[in-house]
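**Q** There's a structure below that I have some questions on.
The values are calculated or read from the model by the stated rules, or taken from the named source; none is laboratory data. Bear in mind that the values here come from a model prediction, so they are computed numbers and not experimental data. Cβ: placed from backbone, ideal geometry, glycine included. Neighbour counts: every protein chain shown.
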Amino acid sequence: MNLIILFLSTFGLVFALNFQTLNVSRGQYVAAFLTSILLGVANLVILRAIPHGNGWEIVAYLSGGPFGVIASMWVHARYFNNEKPKGGEAMAHRCNANDCLARIDGRHLMCTKHWRMVPLELQRKVWETYRSRGTPAGNPAGWASYYEACADAIERVAGQEGKSPRNSFRNLAPKFRTMAEDRVRDPAGLSTLR
Ligand SMILES: [Zn+2]
C-alpha cells in the first residue's frame, strides 16, 4: 500500500511541478493557484512516508517522477494550449494581433502571447469596457469605449512587433461614437420619425 502511495505522490509532485511551470509561463492564474495546493499535498505525503522507506519504496518513489512529467505535459497541451487550434469550440476566432494565426476563445481579444504584450492598465481597460458595454443599440458609447480600448491594445502590440497598426476596431469605433452623440442630442430618436 505504501508503495502505491509513494509512487502516486511523486507522480503527483512532478506532475504538479511541471504543470506549474506551464501555468506560470502562460499566465493561467486559476490553474496556478490550484496546482500549488496539489504540490503541497504531494510534498506532505512524501515527507511523511519516506523516512521509514525500504528498497522497494525508494523504487516506487523514484519511478513516479518520469511518468508524472510526461502525463503533465500531455494534459497541459490537451487542455490549456491556446496556440493550437481547438476543434468544436463554439465561439473560437482568430487572435486580433496582426498576422497572428492562433485560434482563441471567443471572449478573448488576443492569444496569450500577444495579450501579455499589452500593458496591464490597457488590459484592465479592455476587460472593463467589455463587461460594461451592453448592447450596441442600447449603449453605443460603451461600445465606442470598448472598441477604442481594443484598438489601443492591438496598436500597442503592432508597435512592439513592428507591424501595421491597422485594425477594424479603430475603423468601427467612430461609428459608435457618432451613434452615442446622436443619442445625447436626440434621446427619443425623434429625428428619425420625421
Ligand atoms: Zn496572437
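**Q** Search segment 96-117 for residues that are assigned to a loop (DSSP other than H, G, I, E, B) and pair each with any residue that is more than 8 Å from the ligand (Cβ to nearest atom) and basic (Lys, Arg) when their beta-carbon atoms are under 6 Å apart and the residues are at least 6 apart or on different chains.
**A** These pairs meet every condition: ASN98/LYS163.
**Q** So is GLN123 within 15 Å of the ligand (Cβ to nearest atom) and surrounded by fewer than 13 Cβ atoms within 10 Å (Cβ to Cβ) or not?
**A** So GLN123 does not fit the description; no.
**Q** While we're on this one: Identify, by number, the condition in (1) at positive phi; (2) at pLDDT 95 or above that TYR147 doesn't meet.
**A** Among (1) at positive phi; (2) at pLDDT 95 or above, the lone unmet condition for TYR147 is (1).
**Q** Another question, then. Out of everything in segment 64-101 that is of a type in the set (Gly, Ala, Ser) and modelled with pLDDT of 80 or more, what residue ends up being farthest from the ligand (Cβ to nearest atom)? Reasoning before the result, please.
**A** Step one: list which residues in segment 64-101 are of a type in the set (Gly, Ala, Ser), which gives 64-65, 68, 71-72, 77, 87-88, 90, 92, 97.
Retained after the next criterion (residues that are modelled with pLDDT of 80 or more): 64-65, 68, 71-72, 77, 92, 97.
Numbers: GLY64: 36, GLY65: 34, GLY68: 31, ALA71: 28, SER72: 25, ALA77: 18, ALA92: 13, ALA97: 4 Å.
By that ranking, first place goes to GLY64.
**Q** Can you confirm whether segment 44-57 contains a residue that is surrounded by 12 or more Cβ atoms within 10 Å (Cβ to Cβ), of a type in the set (Phe, Trp, Tyr) and more than 18 Å from the chain's Cα centre (by Cα)?
**A** No; the residues of segment 44-57 include none that is surrounded by 12 or more Cβ atoms within 10 Å (Cβ to Cβ), of a type in the set (Phe, Trp, Tyr) and more than 18 Å from the chain's Cα centre (by Cα).
Yes/no matrix, rows are residues, columns are (1) away from the ligand (no atom under 16 Å from the Cβ); (2) surrounded by fewer than 20 Cβ atoms within 10 Å (Cβ to Cβ); (3) of a type in the set (Ser, Thr, Tyr); (4) under 23 Å from the mean Cα position of the chain (by Cα):
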| position | (1), (2), (3), (4) |
| --- | --- |
| ARG103 | no, yes, no, yes |
| LEU109 | no, no, no, yes |
| LYS113 | no, yes, no, yes |
| TYR130 | yes, yes, yes, yes |
| PRO136 | yes, yes, no, no |
| ALA144 | yes, no, no, no |
| GLU155 | no, yes, no, yes |
| GLY159 | no, yes, no, yes |
| ARG177 | yes, yes, no, no |
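**Q** Does segment 17-40 contain any residue that is at pLDDT 85 or above, more than 29 Å from MET110 (Cα to Cα), loosely packed, with under 13 Cβ neighbours inside 10 Å and not β-branched (Val, Ile, Thr)?
**A** For segment 17-40, residues at pLDDT 85 or above, more than 29 Å from MET110 (Cα to Cα), loosely packed, with under 13 Cβ neighbours inside 10 Å and not β-branched (Val, Ile, Thr): present.
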